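Here is the structure we will look at, set down as structure tokens.
The values are calculated or read from the model by the stated rules, or taken from the named source; none is laboratory data. These figures come from a predicted structure and were not determined experimentally. Cβ placement follows ideal geometry from the backbone for every residue including glycine, while neighbour counts extend to all protein chains displayed.
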Amino acid sequence: MQSINTKNKPLDYLFILPIYNETLILSKSLTLLNNYFKNKLKNKSWKIVVVDNNSTDFPNKIVSKFISTTELIKLNKKGRGYAIKEASKKINSNIYICLDIDIPLKLSDIQKLIKPVQENKASVAIGRRIGKRPIGRMVLTKSLHFINLILLDLNIHDSQCGAIVYNKSVVKTINNCMQNGYFLHTELLKRVSCRSDSIIEVPINWLESRFKRKSKINLIKDPIMGLKAIFEICQNFYPKLLKNSIALILTCVLIISTYIFAMHTFSKTGFYTAKYIANYYPYLLFFAITLGLLYILFGTFLKRALKTLPKGLVIFILIITFSAISFIAIQTLPYRSQDIYHDLVLIKGNINYGLNPYLTTPNELSAEAWTKYLVHWRDLQMTYGPIWVFILTVILKVTTSLIHILIIIKILFLIILVACGYLLNKIMNLLGMIKEKKIWFIGIFLFNPLVIQYFLIDLHTDIFICLSILLSYYFFLKKNYIASIFSLLGGGLIKYISLILVPIPLMKLILEKKQNKIITLLIIGIISCIIIFAAYYPFGLTPKLFQGIENELTQRFGTYESSFGSLILLQLTKNVAAVKLIGVTLAVISTFFYIKSKSPLRYIFPFIIIYCIGVPWFMPHYIVWIIPLSFILFPWWIIAISTFIIYLLGPSLVLPTSYVTLLITLMIIGYIVSQKIKKLLF
């Protein structure tokens, strides 16, 4: 071993062994380490420092036997963390290695821990214990990992591992740590992660009892002390933890309570649609106003929480709340819409009597008990695509109970909604958004009352359009334009509106593909035709299949329900179909705008055109098609106000739809103009 000069020249390695009354194994441990490192570290300067936390068994006699390589530091108080801090302060080294006194790992693994720090791949390397361990300790380790994730945003699987290595730059950070006990490691890791320094976890073979040493860990007392230490660390990093977490939790509790109240108000035996019952109008209006205002409050507190609370805690609160809302929504019968019953009646007619749902109306099935829930559209055939028919057919063949059917569909829609949130997260990753923004956008999307109401409670098929748009945009960003096209085709076979976006990935495919363009387009066209043919084949290939959608396009309108631009066109043309055709045509043309842009605006703008001038019958659930991508484009206040006033359209038309759509349009235009002015001035 080279000569040691700890004042002028730093050691290569310093091994720190904190002890308290460990004389029974101290000699064995020092012998083991000395024998190993004398061979492995021949050309390096190293030292072992035993830090005595006020032991009563006189370890100095044992340490004196290894005086050439080992030093004893005597402290007058207990605390593993205190021992590590004192040793780091007093002895200068390039790399520090902290180990439990019984050396409970393979000696070769110590070098595995040192390597990433020595090669400057990390500032800290901590062991991740593998191998056979007592169940109680494994549970404790996993529990601490979970708690650290929630309260400290610290994703280290084994933060309390007794083997940790750090470089010289971390010593100052250790000295700033407040913890003096076993949870110094946790605080150190949190501080290092806040400095954006690299931390590496190294799998190590753990030996629970190398020298038959009895563990000093108390599985009852120590976890309590650990929780106290973690809360202390959390409080140091997040001083507004209590105040802002209570505000967010209280808002979430109020939202859950409101959904519970709605469930008990409307979900009664034999009762399925409140919208058409005058006695329930005050309740509908109350829930619309309450949930709209709570959503604004939720968004405000969520934004504040993401700035002042651990992200893990915010995510945990959101998951628990969303799970509770979903559970309640699954039990709540549709009370703002009867559309699901219209489709179920037609599918039941197909299963029981072999009647084609695209050629049959509920009036022809008046003997079926479920028709009593239909107030309108009794003379309307199936208006949705064959994929939706297949889905409902499978469900009705599983069970004939209406309640069970609704629950199965709700669970399916919940899975799709979670998939939408997942896709939104993937899209934001591709757009390079930070974690805080991603949590924010996903939170205000999944908690949006329009989303909960129309997807999980009223079961509108618009959820498939939302999914197909997100999936198509995701593939569009990945430059997989063929998958993007077929994503829209899949949505179009449920609700045809998603097909207006097909020119977006199709144009990109044509512009960017250098060879075999015509062959590629032919293959896409042929495969699309085969899919469409196969989907409609079971129902007979006849133009009459589209009679339902034709009736909806030519008959469904109302001056009070029309958007502002649609109302003007309706007055000019006196033709409902012409208004809808103009809207769709202009929307398709708009897909050729922003050809070079990857902005979500490409996918949203066509629908904005339809909302403005192509819907003489505007339904609140139409807006949900573009809600996820709108969060990325528009500021929170526009989303919040738009959600609130559109949600009010559900129970009854408090204001004419034209006024509402005009207000939203003016807000968006005002925002865009203000942004342009800012760019010009600044």
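Taking LYS42 as the residue in question, decide whether it is assigned to a helix (DSSP H, G or I) and either at positive phi or loosely packed, with under 15 Cβ neighbours inside 10 Å (or both). No.
Considering only region 361-394, how many residues are surrounded by 12 or more Cβ atoms within 10 Å (Cβ to Cβ), part of a helix (DSSP H, G or I), over 31 Å from the mean Cα position of the chain (by Cα) and aliphatic (A, V, I, L, M)? So the count comes out to 1.
Looking at SER401, is it in the same structural domain as ALA587 (by TED's automatic domain parsing), of a type in the set (Ser, Thr, Tyr), free of Cβ contacts under 8 Å to residues at least 60 places away in the same chain and in contact with a Ser or Thr (Cβ under 8 Å, 6 or more places away or on another chain)? Reasoning before the result, please.
On the way: in the same structural domain as ALA587 (by TED's automatic domain parsing): yes; of a type in the set (Ser, Thr, Tyr): yes; free of Cβ contacts under 8 Å to residues at least 60 places away in the same chain: yes; in contact with a Ser or Thr (Cβ under 8 Å, 6 or more places away or on another chain): no.
Considered against the rule, which asks whether it is in the same structural domain as ALA587 (by TED's automatic domain parsing), of a type in the set (Ser, Thr, Tyr), free of Cβ contacts under 8 Å to residues at least 60 places away in the same chain and in contact with a Ser or Thr (Cβ under 8 Å, 6 or more places away or on another chain), SER401 comes out as no.
Could you tell me which of the residues ILE510, ILE519, ILE444, ILE482 is crowded, with 21+ Cβ neighbours inside 10 Å and either in a helix (DSSP H, G or I) or not basic (Lys, Arg) (or both)?
On the way: ILE510 fails: crowded, with 21+ Cβ neighbours inside 10 Å; ILE519 fails: crowded, with 21+ Cβ neighbours inside 10 Å; ILE482 fails: crowded, with 21+ Cβ neighbours inside 10 Å.
One residue alone meets the criteria, ILE444.
In this structure, is ILE589 under 35 Å from the mean Cα position of the chain (by Cα), assigned to a helix (DSSP H, G or I) and surrounded by fewer than 22 Cβ atoms within 10 Å (Cβ to Cβ)?
Working: under 35 Å from the mean Cα position of the chain (by Cα): yes; assigned to a helix (DSSP H, G or I): yes; surrounded by fewer than 22 Cβ atoms within 10 Å (Cβ to Cβ): yes.
Yes, satisfied.
Search region 600-638 for residues being in contact with a Ser or Thr (Cβ under 9 Å, 6 or more places away or on another chain) and of a type in the set (Ser, Thr, Tyr), and hand back the single one that is modelled with the highest pLDDT. Ranking the candidates gives TYR603 first.
Of all residues in region 132-170, those being hydroxyl-bearing (Ser, Thr, Tyr) and on the phi > 0 side of the Ramachandran plot number 0. All of (1) free of Cβ contacts under 8 Å to residues at least 12 places away in the same chain; (2) surrounded by fewer than 17 Cβ atoms within 10 Å (Cβ to Cβ); (3) among the aliphatic types (A, V, I, L, M); (4) in contact with a Leu (Cβ under 9 Å, 6 or more places away or on another chain) hold for LEU355 with one exception: (2).
When each of LYS397, LYS495, LYS479 is tested for being over 23 Å from the mean Cα position of the chain (by Cα) and at positive phi, the lone residue that passes is LYS479.
Can you say whether ALA640 is without any contact (Cβ under 8 Å) to a residue 40 or more places away in the chain and of a type in the set (A, V, I, L, M, F, W, C), as far as the supplied structure shows? Answer is no for this residue.
Tell me, please, whether a residue that is β-branched (Val, Ile, Thr) and within 22 Å of the chain's Cα centre (by Cα) can be found in region 330-352.
Quick first cut of region 330-352, residues β-branched (Val, Ile, Thr) only: 330, 332, 340, 345, 347, 351.
Still in the running and within 22 Å of the chain's Cα centre (by Cα): 330.
Among the residues of region 330-352, at least one is β-branched (Val, Ile, Thr) and within 22 Å of the chain's Cα centre (by Cα), which makes the answer yes.
Consider region 533-551 and keep the residues that are over 21 Å from ASN363 (Cβ atoms) and in contact (Cβ under 8 Å) with a residue 24 or more places away in the chain. The one that is surrounded by the most Cβ atoms within 10 Å (Cβ to Cβ) is TYR536. Filtering region 124-157 to residues that are surrounded by fewer than 22 Cβ atoms within 10 Å (Cβ to Cβ) and in contact with a strand residue (DSSP E or B) (Cβ under 6 Å, 6 or more places away or on another chain) leaves ARG128, ILE130, GLY131, HIS157.
Only one entry in THR554, THR559 is under 27 Å from VAL502 (Cα atoms) and exposed (fewer than 15 other Cβ atoms within 10 Å of the Cβ), namely THR554. Out of the residues in region 646-662 that are buried (at least 18 other Cβ atoms within 10 Å of the Cβ) and either under 17 Å from THR290 (Cα atoms) or within 28 Å of the chain's Cα centre (by Cα) (or both), state the one that is modelled with the lowest pLDDT. In this case the residue turns out to be PRO651.
Of all residues in region 377-389, those being without any contact (Cβ under 8 Å) to a residue 60 or more places away in the chain and either among the hydrophobic types (A, V, I, L, M, F, W, C) or under 23 Å from TYR537 (Cβ atoms) (or both) number 1. If you go through region 360-407 and keep only what is in contact with a Leu (Cβ under 7 Å, 6 or more places away or on another chain) and among the aromatic types (Phe, Trp, Tyr), you end up with just TRP370. Tell me which residues, restricted to region 395-426, are farther than 30 Å from ILE319 by Cβ and either touching a Cys at 6+ places or on another chain (Cβ under 8 Å) or not basic (Lys, Arg) (or both). Across region 395-426, the qualifying residues are LEU396, THR400, SER401, LEU402.
Considering only region 71-118, state which residues are assigned to a strand (DSSP E or B) and surrounded by 20 or more Cβ atoms within 10 Å (Cβ to Cβ).
Initial filter on region 71-118 (assigned to a strand (DSSP E or B)): 71-75, 93-98, 105.
Result: SER93, ILE95, TYR96, ILE97, CYS98, LEU105.
Restrict the check to region 571-578 and report whether at least one residue is within 34 Å of the chain's Cα centre (by Cα), among the hydrophobic types (A, V, I, L, M, F, W, C), part of a helix (DSSP H, G or I) and surrounded by fewer than 19 Cβ atoms within 10 Å (Cβ to Cβ). Scanning region 571-578 turns up no residue that is within 34 Å of the chain's Cα centre (by Cα), among the hydrophobic types (A, V, I, L, M, F, W, C), part of a helix (DSSP H, G or I) and surrounded by fewer than 19 Cβ atoms within 10 Å (Cβ to Cβ). Remark: pairs (first residue in region 326-348, under 10 Å from LEU456 (Cα atoms); second residue modelled with pLDDT of 90 or more and among the acidic types (Asp, Glu); Cβ separation under 9 Å; 6+ apart in sequence or on different chains) = PRO334/ASP458. Between ILE395, ILE434, ILE403, the distinction of being β-branched (Val, Ile, Thr) and modelled with pLDDT of 95 or more belongs to ILE395 only. Whenever a residue of region 500-516 is closer than 11 Å to ILE595 by Cβ, its partners that are of a type outside the set (S, T, N, Q) and surrounded by 18 or more Cβ atoms within 10 Å (Cβ to Cβ), lying with C-beta atoms within less than 6 angstrom and at least six residues away or across chains, give the pairs ILE504/ARG602; LYS508/TYR481.
For region 316-337, a tally of residues being crowded, with 19+ Cβ neighbours inside 10 Å, among the β-branched types (Val, Ile, Thr) and outside any loop (DSSP other than H, G, I, E, B) returns 4.
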